[in-house]
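The values are calculated or read from the model by the stated rules, or taken from the named source; none is laboratory data. Everything numeric in this text was worked out from a predicted model, so none of it was measured. Don't worry about glycine lacking a Cβ; one is built from the backbone with ideal geometry, like all the others, and counts go over all protein chains shown.
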Amino acid sequence: MRLDQFQYLIVMALCVAVTLPLEFVLGARVYRRPRRLLRTMVPTFAAFVAWDVAAIRLGHWTFSPTYTTGWKVGNIPVEELTFFVVIPLCALLSFEAVRQVQRLGWVGALRSGVLGRFLSAPVTAAADPRSTEELV
Amino acid sequence: MPWYTVLTLLAVVAVVAAELLWIRSGIFRRSAYWIAVGICCAFQIPVDGWLTKLSSVIVIYNPEVFSGVRIFWDSPVEDWGFGFALMTLALALWVRQEPEAGTTGDRPAPSVEDRVRG
């Protein structure tokens with residue numbers, strides 16, 4: 001295996017890495033609602049993977065063997081399966097981060113995240129109702 | 001036959017119709033949705049560009065199945081319809097699971113119910 005074969009997967013990893021601070025620094029709370037996340041991802045993933053399976057079968061698009069691993073599930077490269085998880089996740093994190101800033105302002109949103117402890121006044125449970133861990 | 005073009009238009013219409021008629025999360029009335037979609041579409045330029053740039057292409061499109069219109073780093077313009085449909089479906093399903101889904105405007109402070117049900 002050459003490093004180039006991981007290019008598509010590396011792009012996906014970068015998408016995850018770039019959006020991860022939205023969860024923990026701006027307090028987006030997407031990963032921390034796993035059941036709700038699952039109920040969102042499963043139908044979305046199913047619909048778009050179905051399209052992808054058909055498109056690949058019909059020859060609408062193909063994948064460079066130079067820049068993909070060649071690992072497949074059926075006729076779908078694992079990179080594509082990753083794509084249909086990562087991109088919706090990025091959208092959810094962006095949306096929740098925007099909403100958190102709209103709701104609390106930039107300072108409030110930052111205070112709700114892991115950097116909050118470094119920002120002047122400590123956040124109490126009363127001031128930040130979201131600080132309580134959600135169950136789902 | 002430009003099947004990718006046709007299917008992309010169908011997907012956009014289907015997702016918008018699903019939201020308006022069935023999911024009814026109310027995301028189209030929320031500024032946070034449009035801002036998030038705008039941000040994601042901007043990030044789509046480098047991400048999609050890396051996957052589709054013709055100088056070292058990763059995802060190879062059959063020229064017979066799309067419009068032939070490539071923007072930024074050679075991404076088929078249809079990719080933005082595809083991305084819009086993908087993101088909108090996920091966001092609609094996500095927001096629908098909120099207790100107060102379907103209300104207009106941005107949400108007030110989260111309720112106790114919200115904290116419990118997430």
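Among the residues making up the range B:40-72, those that are farther than 17 Å from residue A:12 by Cβ, assigned to a helix (DSSP H, G or I) and among the aliphatic types (A, V, I, L, M) are B:42, B:54.
Kindly evaluate residue A:93 against the criterion of being within 23 Å of residue B:27 (Cα to Cα), more than 8 Å from every other protein chain (Cβ to nearest Cβ) and aliphatic (A, V, I, L, M). Step through it out loud before you land on a result.
Values: within 23 Å of residue B:27 (Cα to Cα): yes; more than 8 Å from every other protein chain (Cβ to nearest Cβ): yes; aliphatic (A, V, I, L, M): yes.
Judged against the criteria, residue A:93 is a match.
Of everything listed in (1) under 16 Å from the mean Cα position of the chain (by Cα); (2) within 12 Å of chain A (Cβ to nearest Cβ); (3) farther than 26 Å from residue A:6 by Cβ, the single unmet condition for residue B:86 is (3).
What about residue B:65, is it exposed (fewer than 15 other Cβ atoms within 10 Å of the Cβ) and at pLDDT below 90? So residue B:65 does not fit the description; no. The residues of the range A:48-67 that are of a type in the set (Gly, Ala, Ser) and facing chain B (nearest Cβ under 7 Å), listed by number, are A:59, A:64. When residue A:87 is tested against (1) of a type in the set (A, V, I, L, M, F, W, C); (2) within 7 Å of chain B (Cβ to nearest Cβ); (3) touching a Ser or Thr at 6+ places or on another chain (Cβ under 7 Å), only condition (3) is not met. Of all the residues in the range A:23-47, those that are within 10 Å of chain B (Cβ to nearest Cβ) and part of a helix (DSSP H, G or I) number 12.
Here is a yes/no grid of residues against (1) within 12 Å of another protein chain (Cβ to nearest Cβ); (2) within 14 Å of the chain's Cα centre (by Cα); (3) under 30 Å from residue B:97 (Cα atoms); (4) among the small types (Gly, Ala, Ser):
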residue: B:8; (1), (2), (3), (4): yes, yes, yes, no
residue: B:28; (1), (2), (3), (4): no, yes, yes, no
residue: B:38; (1), (2), (3), (4): yes, yes, yes, yes
residue: B:50; (1), (2), (3), (4): yes, no, no, no
residue: B:53; (1), (2), (3), (4): yes, no, no, no
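Within the range B:18-32, the set of residues being among the aromatic types (Phe, Trp, Tyr) and either in a loop (DSSP other than H, G, I, E, B) or under 19 Å from residue A:101 (Cα atoms) (or both) comprises B:28 only.
Just one of the listed residues (A:106, A:61) is at pLDDT below 95 and in contact with a strand residue (DSSP E or B) (Cβ under 6 Å, 6 or more places away or on another chain), namely A:61. Would you say residue B:100 is surrounded by fewer than 13 Cβ atoms within 10 Å (Cβ to Cβ) and at pLDDT below 90? Here the answer is no, as residue B:100 does not meet what is asked.
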